1. Per DSSP H run of n ≥ 4, the term is -39500 (n - 2.57); total these for chain B, divide by its residue number, and report the mean residue ellipticity at 222 nm rounded to 500 deg cm²/dmol.
2. Restricting to chain B, compute how many DSSP beta bridges are antiparallel as a %, nearest 5.
3. Could you please rank B:THR301, A:THR177, placing first whichever residue has the fewest other Cβ atoms within 10 Å of its Cβ?
4. What does segment B:597-655 give for Rg and for Dmax, in Å, if only its C-alpha atoms count?
5. Give the Rg/Rh ratio for segment B:106-243, taking Rg as the radius of gyration of the Cα atoms and Rh as the Kirkwood radius, to two decimals.
6. Let me check against my output: what whole-number percent is the relative contact order of segment B:604-725, with C-alpha pairs under 8 Å and at least 6 apart?
7. Work out the FRET efficiency for B:ASN183 and B:ALA681 from their Cβ-Cβ distance, taking R0 = 25 Å, and round it to the nearest 0.05.
8. What nm value, rounded to one decimal, do you get for the distance between B:HIS719 and B:ILE455 when each label is placed 7 Å out toward the C-beta?
Amino acid sequence: MSRLTQPEFMRLLDPAALAKVHQLDLVARGVVEGLVTGRHRSPHKGMSVEFAEHRQYVAGDDTRMLDWRVLGRSDRYVVKQFVEETNLRATILLDASASMDYTGQHAAEHEGQPLSKLDYGRFLAATVAHLLSGQQDAVGLATFGADLRRYIPPRSRTSHLRAILQELAVTEPDGPTRLAPVLNDLAERVGRRGLVVLISDLFEDTAALVEAIHHFRFRGHEVLVFHVLAEEELTFPFEAVCRFVDAESVDPAMQLDPRAIRAEYLDRVREHVDTLREGCGQLRVDYVPMCTAEPFDEALTGYLGRRSRR
Amino acid sequence: MTFLNWSILAGLGALAIPLLVHLLNRRRAKVVRWGAMRFLHQSFASRNRRILLEEMLLLAMRCLLVALLVLAFARPFVPARGRIPWPIILPGILLAVVLAGLAGALWSRRLWRNRLLAGAGGLLTVAVVLSVIEASLQRRLWSRRGGAQDVVIVVDASRSMQMRGPDGTRFDRALAEARAAINAAEPDDAVTVLLAGATVEPMSAGPTSDRAELLRSLRTARPMGGTMQGLDSLHAAVDALARGTNVAKKIVVITDAQRSGWSLPADRMDAQQGRQDKARWGFWASRLSELPSRPEVIVRTIESVGGTTNLTVDRIELSRRPVGTDRPVGIDVTVANTGQTTVSPEAVQITVEGRTYREPLAALAAGGSQTVRLEHRFTRSGPAVVSARVDFNDDLPPDNQARRVVTVLQTLPVLIIEGQGLGRPDERPGRFLAAALAPPADAPDGGDLVAPVRIAAADVGDLGPLDRWEVIILADVPRLPNAFAAELERFVQGGGGLWVAPGAQAGRVGREGSGIESFYNEWTATDGQPLLPARLVARDVRQSPARPAPESFSHAALTELARRGLSDLAEMGARATWRLEPLGSEHGAGVGARLTDGTAWLVDRRVGAGRVLVSSFGLSPAESDLPARRAVVPLVHELVYWLARADLADWNIPPGREVAWVLPDEGGDAPARRWVVADPAGVSHDVTAQRVGSDLHVSFAATQVPGLYRLQQLDADGHASDVAPFVVQCDPAEVDADILAPGDLEPVSGSTRVFHARSPAEMVAALAGDVPGEELWKYFAIAALVTLLAELVITRWIAARRRAVSAQPVVFPRAHAAEAALRRRFGRSDARDEGAKGAAG
């Protein structure tokens, strides 16, 4: 009954997936700058339960902060400082280029429909947004194809999640992938240090991509990369002669016997993935390979579980 | 190259099938719309060339397979006398097919596709047009113009045609092919069949169209033996053609192509014989022009099938000649294996004077030979037949037996003319000679062969005719009367042997030191040349004697003495010798032995039919100690035998040579006493007889067929009694299988068209006016099968290779799989830890 009345964008929040995910936290590993008190470490010292250090009292300090015990023992005026915890500003970057439209034969299904890479990304983004929102963290969204299409700055209001879900629901795959310039642009836009979640198939030159991620890191962001690929793109299982058409209409179409170049193709993909993984590792960026053949909730739960154990 | 089924060639359009299949496959390709094109393009860039090559190879092979099948059904045919070489036409077609396949592989590259298709079309058109032209040329070349023709079929009936094979003898096969040729002749054709062995025999009275009669006559045909006389056979063929009335003429020669007997000028080592042969062939060629049209000669060679087994009694030789009844003579029989397999004959049977000896033989490898020696002492003088036979069942039985006629002498009359000399009568050289030649006191029955007679030089006027002597020795004779010297020269010219052993008085130093003046130096033959093989140029008297140098012995009579090593000849010393100056090899003079100081000892020369020998010293004890040596007896015997041999008639003759006898004319009426010659088959032949004075000169020329012949005398009742045997030897080259190559019959091909038929079918086709040649469809079918297999193998190989090089797919770790793995790992490590703890406890 509720299904019938729920708005289209709410479909992106799968109750089963949310049930799995809600037990987990997505906690920023580094320090993030937030506006309100939350569960993430803030660069500022403030009110908290966790003691940080003592500091010499200077005029103007709140006398409530004076450590009376130290004053009593040593007759020195020191002020107690505590680690401030703040909320997180997370921005989800969703690649909506035409190449994300590929579904393949082995994609995981949702409500009987196989998920394209973009659908998969949509669900991932919605779930992550919901998760963060539930943690009282501010969540923003950027969708892009060849250029930045829509940017919703992070807000921690609950109603903000609705805006994000609405945007995710209407995002359509279009245009070629130009990740590097878009990411560089976004790195400039996203203001305070926070979490950046990139969901893309990363069909881009690895050097430029790593450079763009490095840009985020340089600005102090923690970056999460969800590398979403379809099973066919990873295993190249085609047998008969096929005509391969570029979904982004950039490269010319090719007609060939896929078996003849399978080994070469797989080597290239492996090289691409390895280079990305290595580049991300060097930048201390979480690189999360995801195959659309695996249900997105399992993939996400698995990742979050691993992350929380670290 | 042409085709017999032209219409099938249209099937080459089926070449489009593999191309269409290929193109349709491309068109039916599943469309994959995705984004991973960058990897696809990168991969394709590095594999592009290989993929293209594989596609080109596969398509070319598939097109080739179709084309080979179509061509096989079109029955490709290579004419025996092709005008347009097939290596132009066939590769043209196949290249066109391959180009079409390549065009299919490069279909998307328009420029290349069009170029390749144009090339393929052009090549195919040219090749097919050339085939059409070839077919038309061949029809014109071979078609029978002018209706009926005269045909002569020459069937080789020589001895080598009796060689057996898996399907009968070569002669049987030749007859079968002759029958096929007769059957192929048109009803109006006039056919003559000739059997050609040592002689040529027609199988019909003349050219006939009665094929049944000809076939009947072939049933009685038997091999004739001997060697096929190629030129004589062709002469006989021209004779037969000349009797025919048709304009078109053909000669078919069915032979095993043994080279011997063809009298080819190129085979002759002797330039003069080569010129003679050339003239004979020229005469044959001139006879061709007398015919209304030059006949075409079709040569069909019966090939040797498989490895033959053949033993041949190659030679029968005597260890020495002449042969007397005085002592045993060695009979050497050589058995040769002229086949291609190793054989193990048990023994050779040698029959002589009614006695049969069995001499064992060892195994003989192919090409090997073995000689066995039989020591036999003849008991009767006169001609004797030695026969040797190997009992072995080989492929060519006729040559397992050989015969030789040996003339056994009763006596060998030797005349010794001796000078007076200065020594005592008992030291005269003639005495030593006579003693050395005379039979010993303990001589066995039959005595010695040599019967020496001594006579003083002064008494030569009373000698009478010299013909009764075989050998005359001049021992220490200073000079001879001129009349006797002339008679002596005639004796030598007529075949007698003369030995000059000059003594001390044979010459003296001339006035004013102008060299040696000697009767012998002045003695000239009728042709103005010196009679003796050497001039006496100086008299050497030595302090230390000169000895014979055995290493210089090259004289035929000395080989036995030098070989034995038992003789004391080398120890003999000569103190006084004449220095001999040989005439030179242009006069036939040769030095047969030298002394240790290098001077010539024995010099000989042929004069007319006889021989003259000069030794550098006589047999006087004053000159040398030879008379005291044991070697003197064999030495003088061997020299006398050698001198006598020139005069001995050899009754073992090569085929075709005329034999002649001088018989005492016993008078009487010619019809009452007739002389005949019985040939090897026992058939009697008339001889030519002529009275010359008191002698009857009898000759016989029909000696072409090898074997044992007998001159026979018929008495009044017609009973024949053998008088003299003779053997016509077989040409040894007849079994050595020196085969004529097609180019060797240049004397024939220089005069008229010669066609070498490689199969009976080609021969029949050439005779019947069809185009002879070879059909190739079998090879094309095999090639198509091979191409099919190759295509399958290559397709599989490419597929297997693609599978083999398939790298592991890229796997993204799955969350639950990773957790399971993690759990497994920890579980195992826990178990290990517990195990370790347990072990420690």
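Bear in mind these aren't lab numbers, they're just calculated from the coordinates by the rules spelled out. If you're wondering where the values come from, they're calculated on a predicted model, not measured in any experiment. Ideal geometry is used to build each Cβ from the backbone, glycine not excepted, and the neighbour counts take in all protein chains shown.
1. Result for chain B: -10500 deg cm²/dmol, rounded to the nearest 500.
2. 65 percent
3. Ascending number of Cβ neighbours within 10 Å: B:THR301, A:THR177.
4. 15.1, 53
5. 1.33
6. Relative CO of segment B:604-725 lands at 21 percent.
7. Using R0 = 25 Å, I get an efficiency of 0.20.
8. Reported label-point gap for B:HIS719 and B:ILE455 is 4.3 nm.
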